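For reference, the structure discussed in these notes is given below.
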Amino acid sequence: MTKSQNGVDHRRQEVQQIVKNACDQLNAEGVDARNYVEQLAWLFFLKAFDESESRHEEEGEFEDTPYQRRLSGEYAWSHWAKDTDHPDQMLDFVKGKLWTKLTSSDPDKGMGDDPLAERFRRIFQSVGNYCRKGTSFARVVQQVDQLHFSDDTDIHILSEIYEDLLKRVAADSSGWAGEFYTQRHIIRAMIQVVQPNPGDRIYDPCFGSGGFLGEAAEHIRRNANLSGKQLDDLQHRAFYGLELKERSFLLGAMNMILHGIEGANLELANTLEVHSQNVSEKDKYSVILSNPPYGGKMDASLQTNFRVSSNATECLFVQHIMANLAKGGRAAVIVPEGVLFRSGADRKIRKELFENFNLHTVLSLPAGCFLPYTGVKTNILFFDRPKDGSATDRVWFYELTNDGFELKQTRKPQDGDQIPDFLAKWEKQVEGENSWSLSREEIIERDYQFSAKNPNAPEGYEYISALELIQNIKSKEERIMNLLGELEEILES
C-alpha cells in the first residue's frame, strides 16, 4: 500500500469517527435518526457554505475583485462555531440571531431578496435544531468543524457516509428521505444506459435525496478528462432539479455538495403545478433521470396544463418528462407496472411515447426490488427523442429477477445478480433467456401495452416462496385499490 493510500485510509477512519461521534452525541440527547440526519445536513450545509465563501474571498483578492460574504462577521460559521467554550451562548445565538438571519424576509434582518436568500429561507424555515442543551450542541459543532468540504478526500468519504445515513434512515422511516430511497445499484445501471456526458443538461423533476444527479456527476468525472470550461459547466450549468419537500430539498442539496457540485440548479417547487407542455427547445434537457412518486393524486382542476388528465401522479410525471426532453435527448424513468398496461390516460401516454419518441428498452424489475419501502412491481422505461423525429421501431425487454439482493425487507446481498448481464446485452439488444424484442407492429397489435410476458420462460407451474407469494398478493392489491379509486371517481362524476 502506498504512503498516499495509507493517508487516505487514515483520513477515512478519522472522518467516519467524526460523523459517528456527532451521531452518538445526538443519540445521547434522545434525538432520533430521522432528526439527527436533518441536524447534520444543515450543519454540513453551513460549514460547506462558509468554506465556499472563504474560497471566493481568496479568489477575489487574487483577481483584485473583492468578494462580499453573504454570511459575514458573527454570522459566519468560522466565527460562531469557534465559541465552543461558551456553549449556552452559542446555542442561544444560533436559535435566535442566526436563525433570524437565515429565515427572515426582511432585507435588514435576513440575507436579502435574491434567489440564494430565498433558498436559505425555504430550507431553514423547514428544518430544526434538535439539540436542547448547549453542551451537546457545541460538541456536535466541534465534530462537524473538523470536516473539510474543500478537500477531495473528505468529500468522497463524506458522500459515502451520507448516502449510507440516508439509506438507513429511509428504511427506518418507511421512505422518509423522498418518496422512497432509490437503490444506488439501480441508479448506476440506469446511468450506464443513458451515459451522461460533458455538456449535457441533466434533470430530475423530483430529485429527493439527489441520488440520480450525484451519480451522474460521478459518472462524468470518471469517464471524461474535463477542461477548465467543462469543469465550470459541470458546476453551474449541468444539473437541474425540482423538489416539493423542504427537508428532502436540504438533503438533496447537501448530497450534491458532497458530490463536489456546489452550483447545481435546484429549486423548491411542485413539479406538477409548474409543468408546461410548451417548453422552448433551449430550456429542455438532454438527459432526464427520475424515480417519480406514485400512488398519489392531483386534483383535476390543477391539471389544465397537461394534455392528458390522470388521477395518478406517475402518469403526469411521464408527460412532464416527455415535454422536457430535448431533441437528441435520453431519458430513464422508473414507473409502476400499471403504467405499462392500464387503459384510459395511461394508454394515451404510452401511445404518445411510442409514436413521438424511441422507446428502445423496458427493464422489468422484480416485485420487492424497492423493499422495505414498497413491494409494488416496477419497470424502467428507457427512451430517446431522435433528432430526425423518428418513432419507436422495436422495443427490447429484459426481465430482471435478481438484482443482487434478496427480495426481503432486509435486502441482504445474494449471488446471481443479473444487472451485469442486462448491461452487457442492452446496447445490441441481444435476445436470450431473460431478454426478447417486440416489433412496432406487435406493439400496435397489443394496443400499446408494454407489459410483456417473457416468451422464453418455461411453461407450467413455477414454485415461488411463501414470502414472494405474499409480496405478489400485496402488489396486486395495490393495483386493485388504484383501479377502484379510478372507478370511484368516474362514478362520482
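The values are calculated or read from the model by the stated rules, or taken from the named source; none is laboratory data. All values derive from a computational prediction rather than experimental measurement. Positions of Cβ are generated from backbone atoms using ideal geometry, with glycine treated the same way; all protein chains shown enter the neighbour counts.
Brief remarks on what is shown
- Hits in segment 334-351 (condition: in contact (Cβ under 8 Å) with a residue 60 or more places away in the chain and either among the acidic types (Asp, Glu) or not assigned by TED's automatic domain parsing to the domain that holds TYR448 (or both)): GLU337
- Residue tally, condition at pLDDT below 85 and either of a type in the set (A, V, I, L, M, F, W, C) or in a helix (DSSP H, G or I) (or both), over segment 221-256: 6
- From ALA323, ALA331, residue being touching a residue at least 40 places away in the same chain (Cβ under 8 Å), within 20 Å of LYS387 (Cβ to Cβ) and either crowded, with 23+ Cβ neighbours inside 10 Å or not assigned by TED's automatic domain parsing to the domain that holds ARG237 (or both): ALA331
- Scan of segment 337-352 for residues that are under 20 Å from MET190 (Cα atoms) and surrounded by fewer than 22 Cβ atoms within 10 Å (Cβ to Cβ), ordered by number: GLU337, LEU340
- Candidates ASP388, ASP393, ASP421, filtered to the one that is touching a helix residue (DSSP H, G or I) at 6+ places or on another chain (Cβ under 7 Å) and farther than 21 Å from VAL335 by Cβ: ASP393
- Test for ASN27: is it closer than 17 Å to LEU165 by Cα and touching a Gly at 6+ places or on another chain (Cβ under 9 Å): no
- Residue check, VAL19 in a helix (DSSP H, G or I) and at pLDDT below 85: no
- Considered as a group, the residues in segment 365-401 that are without any contact (Cβ under 8 Å) to a residue 40 or more places away in the chain and either closer than 18 Å to ALA457 by Cβ or of a type in the set (Ser, Thr, Tyr) (or both) include one that is surrounded by the most Cβ atoms within 10 Å (Cβ to Cβ), and that residue is TYR398.
- One residue from THR401, THR392, THR410 being in the same structural domain as ALA332 (by TED's automatic domain parsing), in a loop (DSSP other than H, G, I, E, B), at pLDDT 95 or above and polar (S, T, N, Q): THR392
- Count of segment 22-38 residues which are of a type in the set (Gly, Ala, Ser), in a helix (DSSP H, G or I) and more than 26 Å from the chain's Cα centre (by Cα): 1
- For segment 61-117, the set of residues classified as in contact with an Asp or Glu (Cβ under 8 Å, 6 or more places away or on another chain), part of a helix (DSSP H, G or I) and farther than 17 Å from VAL144 by Cβ consists of GLN89, LYS97, listed by residue number.
- Within segment 413-432, tally of residues that are part of a strand (DSSP E or B) and either among the hydrophobic types (A, V, I, L, M, F, W, C) or modelled with pLDDT of 95 or more (or both): 0
- Segment 196-213, subset of a type in the set (D, E, K, R) and in a loop (DSSP other than H, G, I, E, B), residue farthest from GLU246 (Cα to Cα): ASP200
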